[in-house]
Structures are given as structure tokens and as C-alpha cells.
Amino acid sequence: MDVDGSKLICILNKNWFEIDDIVINILSRLSVKSITLCKSVSKDWYRLINSPPFIKTQLIWSKENPLYIVYPHMYFIPNVYFMEGNGEIIDRIPLPACRNFSSLSMICSFNGLICCINYASPLDMTEVSDLDILICNPAIQEVLVLPNGSPSIEDPSIGVAFGPGINEYKVFRFFYAACELKVKHLECEVYSSMTESWRRIESVEHCPMDSTHVFVNGRVYWFICSEEHPVPGSILSVDRDENFREIRLPDEFSENSFLIDLDGCLSMVVVYDEDEEKMSIWVLKDCNESIWEKKCSDYIPIDAIECVDSVAARKNEIFFITSAHYLVFNMDYKTWTELDIAGTFEENFPVAFAFTESLLPCNRPLGS
């Protein structure tokens, strides 16, 4: 037995890296909650789980089965829900370290990192206090509160571009600076996770309607107001290298439209004003020429008096949240499924995003 045991120890020592690969392959397929519990098994497992190769492998597997993250607008004890496409609630967890912020709004989700904002009350009639911006990973209960940006005389609009590193990001912040003769001037500044500071960039011509945006394949997209009315007139986009572009809307659009990431392409869900029960899905085929293609159209199985409040995309399905229903539209079969989750959330009018559980940190680069 001693001889056999000595041989086994020798084999383990010689093949340590191969064993590491096997453990990584097994543990990385678990949920983040289970992986966190595995850290307490041994020092070796703790080291392994915190290593960049494990974190990257876990993200790869997690992307194969994305969830939805659902966030009700709550003023106290804000919680988020991880949900499968069939409506099964996987977990409910509090937003990390967010109890000091009231009325947070979630505005994006990517690789397990989410961004929340909080509009503080104006200090006086001529200047508003800065926008609180938080980058969170709810799965590992980590949060980073960004430093204050430049003063603005109106509520700023922001958007987050992720990459090129696995947990790198830039936050674009559009704001109106006060100039002489009380003339407001539109400016833009960028926060980088690598420098951990804000930097002003060249002046921009357009300001997004608000902080509602989508990040798709290296670019951030917002709606821009039309000149005549406060409805979408076009789309503003910017890449990670800070190159701006304006994109025309498709032939059919309405005030009640939503930008989504559909299989790596910028897409738009249009709910028609004249018929609240009908929607169309458009896909951008050429951003240089603003060429759109209608993917499909269908009637939404809701009452005419209902409003669509939130739309999210996951693989081949679109998740609709209305004022009274939770619906999933399967694009392959053109079928609708109503989810029996009414009354699950503490408050009305939640928002939803596609979500990938990850172990990515919010505030430090992930090593190689």
C-alpha cells in the first residue's frame, strides 16, 4: 500500500497541471454560487478558482446558457433575479453594497457585469448634482462606484462599451456644461477601467435621448431625439476607439421602440403606435449605409390598452415585459409563451437584460 501510495503521489506531482485542467473543466460548468462554495474545499481550489484561466473558462461555459437578469424598480433593499427563459427563477440576490443609493436604474448587462445609475436631487435651480454610476457583478457581490464626472446643468446620459480585455470597459458620459451668457454646451467624457479616471474627448454633435442603450459587437448605440419632437430621429453609435457615427432608422419605427443585441447584430423591436398589439423586428445589415432588414412581424397577445415596458433578447427569443404580462417570443417558430411569474417581483415595471453569470472583477484588470 505504501508503495502504491508513493507511486500515486509521484503521478500527481508529475501531472499537476493536467489535473488542474481537469478540475477547471469540471468546476467551471457549475453556477457561480456553487463555485464560490468550492473555494472553501482547499487552498489549491481557492487558488485555482481565483486564477485568470479559470475565470475565463467559466465565462465561456456560462455564455452557452445565458439567463435573464430582472430588476424591479425598488427604493429599499434592491434585489435582482436570475431567470431562465421558461420563467424559472434561479436565484434572487441583493445588489451589492447599494443600500446607500435610492431608486437605482439598471441600464446594461455584459459578461456578468451590470451598470446602474442613480439621479440625485438637484442642488439648486442652475446646477444638478452628478450622476451616480455603479459597475456591479451581482453574482460575486462586487461593486465599483465611479468617481464624479464634470458638473452638468442637465441630467447626463451615459453608455458603456466593454473590451477589448475580458473585463475592460469605457463609460461614455454626455453632459451640458454651462458657458458664458448661460448658453449650454454639449460635451462628452470617458471613464476607462484601465486608468480609473475621466477624460474629456472632442466635442460631439448629438446627445442621446437618455441612458437607455445597447452594446453590440464593439459599439454602443443610443436613440437620438428628432429635431421636431422628443421621439427617436436616428441612432448615435460610438466604438471603443471613440469614433462616432449616426445611423438612420428603418422605414418603420415608432416612439415605442427598443434597441437589442440579436445574435451579435444591432436590432430594433418596434411596437407600432397605431396598433399596440403589433410589433416588428429589424436587423441592421450595413451601418455605413443604414441598411435594415425586417426579420419578422407578429401580433403581441396583449390587450390594446397595455404598454410594452421592457424588451430583452437571448439567443432565438425575445422577452417582453408589459404592464400586465411577461411574454417570450420564439423567433424560430413564431410562437408566444406567457410566463406565470406575475406577482413574483416586489414592485411593478421591472426591466430585463440578457445575463451571463461570471466571476469577473469590477475594478481591476484580469491577468493573463
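The values are calculated or read from the model by the stated rules, or taken from the named source; none is laboratory data. The structure presented is a predicted model; accordingly, all values stated were derived computationally and were not measured. Ideal geometry is used to build each Cβ from the backbone, glycine not excepted, and the neighbour counts take in all protein chains shown. Each accessible area value is taken on the protein alone, full model and side chains, heavy atoms only, with ligands, DNA and RNA left out. Shrake-Rupley method; radii C 1.70, N 1.55, O 1.52, S 1.80 Å.
Give me the percent of the accessible area of region 162-302 that comes from carbon and sulfur atoms, probe 1.4 Å, all protein chains in place.
44 percent
Cβ under 15 Å from Val220's Cβ, Val220 left aside: what net charge do those residues give with Lys, Arg +1 and Asp, Glu -1?
Around Val220, the charge tally is -3.
Please sort by residue number the trypsin sites (Lys or Arg not before Pro) in region 165-248 whose DSSP state is loop and whose Cβ has at most 16 other Cβ atoms within 10 Å.
The qualifying sites are Arg248.
Work out, step by step, the length gained on full extension between Phe244 and Ile19: first 0.36 nm times the residue separation, then minus their alpha carbon distance; give nm to one decimal.
Gain on stretching Phe244 to Ile19: 76.2 nm.
Angle, helix 16-27 long axis vs. longest principal axis of the chain, Cα atoms, 0 to 90°, nearest 10?
Helix 16-27 sits at roughly 50 degrees to that axis.
Does region 167-244 classify as rounded, prolate or oblate by the C-alpha gyration tensor (a ≥ b ≥ c root eigenvalues; a/c under 1.5 gives rounded; else a/b over b/c gives prolate, otherwise oblate)?
Oblate, since a/c reaches 1.5 and b/c is not below a/b.
Using protein chains only and a probe of 1.4 angstrom, how many square angstrom of His185 are accessible, to the nearest 10?
80 Å²
More than 29 Å apart: what percent of Cα pairs in the chain qualify?
The answer is 47 percent, as a whole percent.
Roughly how big is the chain's charge dipole about its Cα centre, with Cβ charges of +1 (Lys, Arg) and -1 (Asp, Glu), in debye to the nearest 20?
That gives a dipole near 1760 debye.
Leaving ligands, DNA and RNA out of it, work out the accessible area of Thr335 with a 1.4 Å probe and give it in Å² to the nearest 10.
My reading of the accessible area for Thr335 is about 60 Å².
Using the charge dipole of the chain (Lys, Arg: +1 at Cβ; Asp, Glu: -1 at Cβ; taken about the Cα centre), state which of Tyr299, Pro147, Asn50 has its Cα farthest towards the positive end.
Asn50
In deg cm²/dmol, rounded to 500, what helix-only [θ] at 222 nm does the chain give when every DSSP H run of at least 4 residues adds -39500 (n - 2.57) and the total is split over its residues?
Taking each H run of at least 4 residues, the total per residue is -4000 deg cm²/dmol.
For region 231-368, with every protein chain kept in place, what is the accessible area per residue (1.4 Å probe, Å²)?
48 Å²
Express in nm, to one decimal, how much length is gained between Thr195 and Gln141 on full extension, taking 0.36 nm for each residue of separation and deducting their alpha carbon distance.
Length difference between fully extended and current span is 17.2 nm.
Past 18 Å, Cα to Cα: identify those pairs from Lys56/Lys315; Lys33/Lys63; Lys294/Lys334, in the order given.
Over 18 Å Cα-Cα: Lys56/Lys315.
Angle check, please: helix 52-63 long axis (alpha carbons) against the longest principal axis of the chain (alpha carbons), in degrees 0 to 90, nearest 10.
60 degrees
State, to one decimal in nm, how far the label point of Asn65 lies from the label point of Cys38, with both points 7 Å from Cα in the Cβ direction.
1.3 nm
Where only protein heavy atoms count, and the probe is 1.4 Å, what is the accessible area per residue for region 161-214 in Å²?
53 Å²
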